[in-house]
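First up is the structure itself, then whatever we jot down about it.
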Amino acid sequence: MKSAMPPEENIRTLLACKGTDNKIYVCNNRNRREVYPGTDHDLLAEIKRYWSDFYGDDLDQYQKAACTIDLRLST
């Protein structure tokens, strides 16, 4: 997974996606990456866990914006 987000010091970001192997792939704009076991929960339901793992603090302290994109291919 690669992102064109600049690695600025004052910006915190996460990008999370579920792979075809059902694992969750998470990265930030500083090129840190983690892989999590698959879950039946929506990615947004788990974002606080990922944020805490990456940044060590509570997502509720920050203004947040989130969206989901379904990238499954239709046949």
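The values are calculated or read from the model by the stated rules, or taken from the named source; none is laboratory data. From a predicted model like this one, the values you see are computed outputs, not experimental measurements. All Cβ positions, glycine included, derive from the backbone under ideal geometry; neighbour counts span all protein chains shown. The accessibility values were calculated without ligands, DNA or RNA, using every heavy atom of the protein model including side chains. Shrake-Rupley method; radii C 1.70, N 1.55, O 1.52, S 1.80 Å.
Points worth noting:
- Taking first residues from the stretch 16-29 that are at positive phi and partners that are open to solvent by less than 70 Å² (accessible area, probe 1.4 Å), the Cβ contacts under 6 Å between residues at least 6 apart in sequence or on separate chains come to N22/G38.
- On the stretch given as the stretch 15-43, residues that are assigned to a helix (DSSP H, G or I) and either in contact with a Ser or Thr (Cβ under 6 Å, 6 or more places away or on another chain) or small (G, A, S) (or both) total 0.
- A count restricted to the stretch 22-36 and to residues that are open to solvent by less than 20 Å² (accessible area, probe 1.4 Å) and of a type in the set (A, V, I, L, M) stands at 2.
- Scan of the stretch 44-72 for residues that are in a loop (DSSP other than H, G, I, E, B) and either of a type in the set (D, E, K, R) or modelled with pLDDT of 85 or more (or both), ordered by number: G56, D57, D58, K64, D70, R72
- Taking the numbered list (1) open to solvent by 70 Å² or more (accessible area, probe 1.4 Å); (2) at pLDDT 80 or above in turn, G19 passes all entries but (1).
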